[in-house]
Amino acid sequence: MPCDLMLIAYDGSENARRAVEYAGRFLTANRAVVLTAWEPMVRQAARLSGISGVMQPEWVTDDEIEDVAFADAKAINAEGVKLAGLAGLNPEARTVECTTTIWNAIVDVADELNVDIVVAGTRGATGIRALLHSSVADAVLKHCHRPVLLVPPGRDPKDER
């Protein structure tokens with residue numbers, strides 16, 4: 001029996017593509033919302049300048065011009081919707097502006113839509129890299145109180161020798 005609503009977190013990475021493939025292979029849903037979270041360029045610039053300690057230049061947004069990060073998010077999301085359709089799912093497009101963290105945006109949309117399951121790919125970082133860089137997938141798993149399918153990266157062919 002298919003679930004009613006699935007949420008697929010999609011960022012355009014190889015791991016996200018793999019997650020879409022496995023969602024289509026192992027799950028059925030009446031609807032599959034493909035979600036791409038994005039952060040406005042002005043906020044990205046502010047965060048980066050704060051990290052570097054450099055004074056942030058005056059940034060005035062032009063309401064007539066679409067934020068390049070939003071345009072990228074729409075293109076990435078369209079790719080995810082196409083892949084989900086090819087995987088046999090009934091996809092719908094959704095982009096959301098990230099106001100805090102990417103994982104928080106995913107959890108908030110999952111709650112807003114009351115989805116049955118969340119699907120995401122993982123980076124597969126281990127060791128010191130995993131300690132230094134927090135994982136969106138891990139945070140979704142810890143903070144989303146609904147079923148989550150996490151799809152790890154595939155094996156690197158050179159590791160199989």
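The values are calculated or read from the model by the stated rules, or taken from the named source; none is laboratory data. This one's a predicted model, so the numbers in the text were calculated from it and none came from an experiment. So basically every Cβ, Gly included, is an ideal-geometry build from the backbone, and we count neighbours across all protein chains shown. Surface areas here come from the heavy atoms of the whole protein model, side chains and all, with no ligands, DNA or RNA. Shrake-Rupley method; radii C 1.70, N 1.55, O 1.52, S 1.80 Å.
Quick one: count up the residues across the stretch 89-102 that are at pLDDT 95 or above and not in a loop (DSSP other than H, G, I, E, B). Walk me through it before giving the result.
As a first pass, look at the stretch 89-102 and keep what is at pLDDT 95 or above: 89-96.
Among the residues that remain, those that are also not in a loop (DSSP other than H, G, I, E, B) are: 91-96.
Adding up the residues that qualify gives 6.
Which residue pairs have Cβ atoms under 6 Å apart, sit 6 or more places apart or on different chains, and have a first residue in the stretch 4-21 that is under 14 Å from Val118 (Cα atoms) and a second that is hydroxyl-bearing (Ser, Thr, Tyr) and open to solvent by 20 Å² or more (accessible area, probe 1.4 Å)?
none
Do you know which residues across the stretch 2-37 are under 9 Å from the mean Cα position of the chain (by Cα) and surrounded by 18 or more Cβ atoms within 10 Å (Cβ to Cβ)?
Listed by number, the residues that qualify are Ile8, Ala9, Tyr10, Asp11, Ala16, Val34, Leu35, Thr36, Ala37.
Only one of Arg155, Arg123, Arg161, Arg129 is at pLDDT below 85 and surrounded by 15 or more Cβ atoms within 10 Å (Cβ to Cβ). Can you tell me which? Give the steps one after another, and end with the answer.
On the way: Arg155 fails: surrounded by 15 or more Cβ atoms within 10 Å (Cβ to Cβ); Arg161 fails: surrounded by 15 or more Cβ atoms within 10 Å (Cβ to Cβ); Arg129 fails: surrounded by 15 or more Cβ atoms within 10 Å (Cβ to Cβ).
Being at pLDDT below 85 and surrounded by 15 or more Cβ atoms within 10 Å (Cβ to Cβ) holds for just one of Arg155, Arg123, Arg161, Arg129, which is Arg123.
What about Leu150, is it open to solvent by less than 90 Å² (accessible area, probe 1.4 Å) and at pLDDT 90 or above? Spell out how you get there, then give the answer.
Numbers: open to solvent by less than 90 Å² (accessible area, probe 1.4 Å): yes; at pLDDT 90 or above: yes.
Spelling it out, Leu150 is indeed open to solvent by less than 90 Å² (accessible area, probe 1.4 Å) and at pLDDT 90 or above.
For the stretch 68-88, which positions are open to solvent by less than 40 Å² (accessible area, probe 1.4 Å) and not in a helix (DSSP H, G or I)?
Ala87, the sole residue that qualifies.
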